[in-house]
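Notes to accompany the following structure.
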Amino acid sequence: MMADMTLGGAKPLVLVVEDEAAIATMLRYNLEKQGFRVEEAGDGQEALDMISETVPDLVLLDWMLPTLSGIEVCRQIRRRQETRTLPVIMVTARAEDQDSVRALNIGADDYVSKPFSMEGLLARVRALLRRSGAVSAKGVLEFHDLAMDLATHRVQRNGRSLHLGPTEFRLLAFFMRHPRRVFTREEVLDGVWGRDIHVEPRTVDVHIRRLRKAINGEGEIDVVRTVRAAGYALDTEAV
Ligand code: CA
């Protein structure tokens, strides 16, 4: 189990950002038992300072924090070139869907709600680290035979350059950050267009169609999966 978690031979470093000492201690204990290295930050500013010095392999980020909220910390992580693709799991206090969508909207890769089960949280940490293994330090997202360079805006499939419009580019980046996960049209709107912008849900269908046309070449499988009555996912498996 631990063998596939090692990145470049070193134990993965998890930064735990949590102001409640008891929870931080519990997280450290369990993560270390699973073979991770752990560093702790007690508030948002401290977390950003620590990340500036050493970029961890993953950040477990509490939503409610002194000095800077988890939301603001996540925004700043995404804004910085060197941490744009750093895996972030938000820990929210409320189990409301609004919060989870908001967490994903500002760039978190995943979220758990308090109170969380330690097993569930560790499974998410492992899954995200496995996934992010496909994301190189240069900020290239990879899925199946697709590669997106976030810095140069180059997109390739099977080594062939693709030409995407700006909305299709953001749409594909959104899906590539959360591969195989099914999103409703509303979640796609929130994640790609932003929650403050009013766009009809069927606009998503229009751009999905354009995206498919742009990325699926002759003889290539359709990597955008339509999930009936649910939404869309980036997936290589047919329904
Ligand atoms: Ca807190």
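The values are calculated or read from the model by the stated rules, or taken from the named source; none is laboratory data. Quick caveat, the model's predicted, so the values are computed rather than measured. Neighbour counts are summed over all protein chains in view; Cβ atoms, including those assigned to glycine, are modelled from backbone coordinates with ideal geometry. Ligands, DNA and RNA are excluded from the accessible area calculation, which covers all protein heavy atoms including side chains. Shrake-Rupley method; radii C 1.70, N 1.55, O 1.52, S 1.80 Å.
Mean residue ellipticity at 222 nm from the helices of the chain, using -39,500 (n - 2.57) per DSSP H segment of n ≥ 4 over the full residue count, to the nearest 500 deg cm²/dmol?
So the helix-based figure for the chain works out to -11000 deg cm²/dmol.
Points 7 angstrom from Cα along the Cβ direction at residue 118 and residue 200: gap in nanometres?
Distance between label points: 5.2 nm.
Once both labels are modelled 7 Å past Cα along the beta-carbon direction, what's the residue 216-residue 64 spacing in nm?
Modelled inter-label distance: 4.6 nm.
Taking R0 as 25 Å, what FRET efficiency do you get between residue 130 and residue 186 from their Cβ-Cβ distance, rounded to the nearest 0.05?
0.35
Give the aspartates and glutamates reachable from residue 11 as a straight Cα distance under 15 Å; neighbours fewer than 8 places away on the same chain don't count.
32, 39, 57
Order these peptides, 167-175, 180-188, by their mean beta-carbon neighbour count within 10 angstrom, highest first.
The packing order, highest mean first, is 167-175, 180-188.
Using a 1.4 Å probe over the heavy atoms of the protein chains, calculate the carbon and sulfur portion of the accessible area of the range 97-206 as a whole percent.
Answer for the range 97-206: carbon and sulfur cover 48 percent of the accessible area.
Stick to the Cα atoms of the range 13-131, pair each with every other, and give me the Kirkwood hydrodynamic radius in Å at one decimal.
Kirkwood radius, the range 13-131: 13.9 Å.
If the chain between residue 78 and residue 158 were fully stretched, how many nm would it gain, using 0.36 nm times the residue separation less the Cα-Cα distance?
26.0 nm
What is the distance in Å between the Cα centres of the range 190-230 and the range 65-105?
24 Å
For residue 230 and residue 54, what does the FRET efficiency come to when R0 = 45 Å and r is the distance between their Cβ atoms, rounded to the nearest 0.05?
0.70
Which of rounded, prolate, oblate describes the range 179-223, given a ≥ b ≥ c as roots of the alpha-carbon gyration tensor eigenvalues and a/c under 1.5 marking rounded, otherwise prolate only if a/b is larger than b/c?
Note, shape of the range 179-223 comes out prolate.
To the nearest 20 debye, what charge dipole does the chain have about its Cα centre, counting +1 at the Cβ of each Lys and Arg and -1 at the Cβ of each Asp and Glu?
Dipole size: approximately 880 debye.
Would you kindly derive the ³J(HN,Hα) couplings of the range 59-69 from the backbone phi angles with the Karplus curve 6.51 cos²θ - 1.76 cosθ + 1.60 (θ = phi - 60°), listing them in order in whole Hz, with x for Gly and Pro?
3J(HN,Hα) across the range 59-69, in whole Hz: 10, 9, 10, 5, 6, 8, 9, x, 6, 10, 6.
Kindly report the accessible area of the chain per residue (heavy atoms of protein chains, probe 1.4 Å, no ligands, DNA or RNA), in Å².
Per-residue accessible area for the chain comes out at 50 Å².
How are the C-alpha pair distances of the chain spread across 10 Å bins, as whole percents from the shortest bin up?
7, 31, 35, 21, 6, 0
Which whole-number percent of Cα pairs in the range 140-234 have a distance greater than 22 Å?
22 percent
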